[in-house]
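A.B. asks: Take a look at this one; I'll ask things after.
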Amino acid sequence: MSKTILYARVSTADQTAAHQLTQARQAGFAIDDVVSDEGVSGVSVPLAERPQGRRLFDMLRKGDTLVVRWVDRLGRNYADVTDNIREFMRRGIVIRTVINNMTFDGATSDAMQMAVRDALIAFMAATAQAQAEATKEAQRAGIAHAKELDRAKAYKGRKPSYDRADFEAVQMMLTNGTGASEIAKLTGLTRQTVLRIRADGQGADEALRAWGL
């Protein structure tokens, strides 16, 4: 007796297997069994090398129906996806997708229908790979940005020798035309510190902010 089996690949950022099963049932599929690979990256591990992916190849029989959310569940890239779909079809297994309710099988012997079917498989596999690469690149960019922010937060530079009150007093006296030596005497700061604040007031202010002063 033929079976309908749902294969769910679940990564940490993906849907749960239970969610994919619910989606399949809502789409009208009567699922007999669920095979799920959890915590496995679809863009780095081929289907045949995933723990439950290997089991899937062993358990599917001619006449069975393999249900997947989308063709990207069946491989890590264009070649992997197309090779796996063709292998399943050669075994007499029907592949159906929850998204768009696509059906792929090896029943037809008409050359034109086979060409259309194979072209559609190729297009969908190429689209799946492009989406996976775009997602991976976005993740890399996000991680790099987060690391850069962490580095910016971690590096504060040398702690200023002045506090916020000193800074504001120096700025006020500079505005009034008071000389650096006189400001140093009045505030207790070194003349070099006063000169640095005069030369780069914005940088001096940012240094205080970096230290929460």
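The values are calculated or read from the model by the stated rules, or taken from the named source; none is laboratory data. Quantities reported herein were computed from a predicted structural model and do not represent experimental measurements. Backbone-built Cβ (ideal geometry, glycine too); neighbour counts: all protein chains shown.
A.B. asks: Mind listing just one residue for me: the one in region 61-87 that is closer than 19 Å to ALA107 by Cβ and among the acidic types (Asp, Glu) and, of those, surrounded by the most Cβ atoms within 10 Å (Cβ to Cβ)?
C.D. replies: ASP64
A.B. asks: Here's another thing I want to ask about it. Give the residues of region 96-120 that are under 25 Å from the mean Cα position of the chain (by Cα) and either aliphatic (A, V, I, L, M) or closer than 20 Å to ARG61 by Cα (or both), sorted by residue number.
C.D. replies: Selection gives THR97, VAL98, ILE99.
A.B. asks: Here are THR103, THR82, THR108, THR22: which of them is under 13 Å from LEU6 (Cβ atoms) and among the hydroxyl-bearing types (Ser, Thr, Tyr)? Lay out the reasoning, then the answer.
C.D. replies: Numbers: THR103 fails: under 13 Å from LEU6 (Cβ atoms); THR82 fails: under 13 Å from LEU6 (Cβ atoms); THR108 fails: under 13 Å from LEU6 (Cβ atoms).
The unique qualifying residue is THR22.
A.B. asks: Return the pair list, or none, for Cβ contacts closer than 9 Å from residues in region 93-105 that are in contact (Cβ under 8 Å) with a residue 40 or more places away in the chain to residues that are in a loop (DSSP other than H, G, I, E, B) and of a type in the set (Phe, Trp, Tyr), at least 6 apart or on different chains.
C.D. replies: ARG96/PHE29; VAL98/PHE29; VAL98/TRP70
A.B. asks: Here is a further query. Give me the residue from region 1-49 that is of a type in the set (Lys, Arg) and either modelled with pLDDT of 90 or more or not assigned by TED's automatic domain parsing to the domain that holds GLY92 (or both) and, out of that set, surrounded by the most Cβ atoms within 10 Å (Cβ to Cβ).
C.D. replies: Top of the filtered list is LYS3.
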